[in-house]
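Comments concern the structure below.
The values are calculated or read from the model by the stated rules, or taken from the named source; none is laboratory data. Note that the structure is predicted; figures quoted are calculated from it, not measured. We place every Cβ from the backbone using ideal geometry, glycine too, and count neighbours over all the protein chains shown. Note: accessible area is taken over every heavy atom of the protein model, side chains too, but ligands, DNA and RNA are not part of it. Shrake-Rupley method; radii C 1.70, N 1.55, O 1.52, S 1.80 Å.
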Amino acid sequence: MLKINNLNVSFGGIKALDIDAFQIKNNELRVVIGPNGAGKSTLMDILCGKTKPCGGQALFEGENIIGLSEYEITKRGIGRKFQKPSVFNGLSVFDNMLLGLKSKKGVFSSIFYRLSSEQADKIADVAKRVGLLEHLTKPAGELSHGQKQWLEIAIVLLQEPKLMLIDEPAAGMSDAETYKTGELLCELSKQNSVIVIEHDMHFVEQIAQGMVTVLVRGQILTEGSFDDVKNNQEVIDCYLGTPGSAQTVSR
Ligand SMILES: Nc1ncnc2c1ncn2[C@@H]1O[C@H](COP(=O)(O)OP(=O)(O)OP(=O)(O)O)[C@@H](O)[C@H]1O
Ligand SMILES: [Mg+2]
């Protein structure tokens, strides 16, 4: 589904990302871990069209998406949830989701937009999947931090992505919210491919069904199962054993 070749970007002469090869299959849930500043979010920025790389290719279903606008990339089926929640606190959960649904359509169709019962059903269905059905009329500002993250995931889901990019979903969540988020992501990967960036290793252990990719200083240090990666001495030296880097403290 996604194949990256020789993708690189520099900021101010410093290489932030330099990936030789990286691949995601259909219905795969891939976790990307690595120290602060490793280039994890930059990888997602490139894949959603927010950042233009200096060179390389990202083939999505066979088509190189590098150079396409964010809108074009969304239309092709890549959805992005950013690291910081950015929902509209003054609007209800429903209205936030409605805006998400509209943004799929482009400006002109949004102006003449009428909500059909089919679309209202779709919002209710997605709200149910992320556990927000009972909160549709609540202002988003009254949601817990975890619920705001789920609302963001819901907004991405409304765009019906084939590949979801989810940056640090569990950051700042309670243990119960983190666990629920893990269940949600595993559920989502039955229908879409998902790339998740995360620092919380308990959460990574919960969701890592297949391969985990370790990014260090913009490069892929290693890829393997959660156990392979957790016991890899280089990963321990660069990341897991570094105080304040990966969150490995037992709960
Ligand atoms: N738009 C940008 N302009 C300039 N420098 C940038 C930009 N985006 C990222 N960087 C730099 O690129 C490097 C990689 O940053 P990135 O945000 O991708 O790291 P990360 O792995 O997501 O880290 P964290 O775990 O802290 O979120 C950092 O040195 C960062 O300062
Ligand atoms: Mg980041």
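Can you tally the lysine pairs in segment 118-251 where the Cα-Cα distance is under 27 Å and the two residues are eight or more apart, or on different chains?
20
Which FRET efficiency value, to the nearest 0.05, is calculated for Lys3 and Thr242 with the Förster distance at 35 angstrom and r the Cβ-Cβ distance?
Computed FRET efficiency for Lys3 and Thr242: 0.70.
What is the local net charge at Ser86, summed over the other residues whose Cβ is closer than 14 Å to its Cβ (Lys, Arg +1; Asp, Glu -1)?
Charge balance near Ser86 sits at +2.
Rounded to the nearest 5, what % of the DSSP beta bridges within the chain are antiparallel ones?
Rounded to the nearest five, the antiparallel share is 55 percent.
Using +1 at the C-beta of Lys and Arg and -1 at the C-beta of Asp and Glu, which of Val130, Met173, Ile236 has the Cα lying farthest in the positive direction of the dipole of segment 126-251?
Sorting the options by dipole projection puts first Val130.
For the chain, what is the calculated [θ] at 222 nm in deg cm²/dmol (nearest 500), taking -39500 (n - 2.57) for each run of four or more DSSP H residues and dividing by its residue count?
Theoretical 222 nm ellipticity from helices: -9500 deg cm²/dmol.
Skip the ligands, DNA and RNA, and give the accessible area per residue of the chain with a 1.4 Å probe, whole Å².
For the chain, the per-residue accessible area is 47 Å².
In terms of the Cα gyration tensor, with a ≥ b ≥ c the square roots of its eigenvalues, is segment 174-223 rounded because a/c is under 1.5, prolate because a/b exceeds b/c, or oblate?
oblate
What is the magnitude of the charge dipole of the chain about its Cα centre, with +1 placed on the Cβ of each Lys and Arg, -1 on the Cβ of each Asp and Glu, and no other charges, expressed in debye to the nearest 20?
760 debye
Go through 164-174, 4-14 and give me the packing order, highest mean Cβ count within 10 Å leading.
Going from most to least packed, we get 164-174, 4-14.
Tally Lys/Arg at +1 and Asp/Glu at -1 over every other residue whose Cβ is under 12 Å from the Cβ of Ile19; what's the total?
Once positives and negatives cancel, what remains is +1.
Would you look at the GNM of the chain, springs on alpha carbons closer than 10 Å, and say which of Gly90, Gly34, Gly79 moves the most?
Gly90
Express in nm, to one decimal, how much length is gained between Lys84 and Glu61 on full extension, taking 0.36 nm for each residue of separation and deducting their alpha carbon distance.
5.4 nm
For segment 136-177 and segment 1-18, compute the distance between their C-alpha centroids and round to whole Å.
If we compute the Cα centre of each part, the gap is 28 Å.
For the chain, what is the Kirkwood hydrodynamic radius in Å, using each pair of distinct C-alpha atoms?
18.7 Å
Quick one: net charge around Pro169, please, counting Lys, Arg +1 and Asp, Glu -1 for every other residue with C-beta under 9 Å from its C-beta.
Around Pro169, the charge tally is -3.
How large, in percent, is the carbon and sulfur part of the accessible surface of the chain at a probe radius of 1.4 Å?
50 percent
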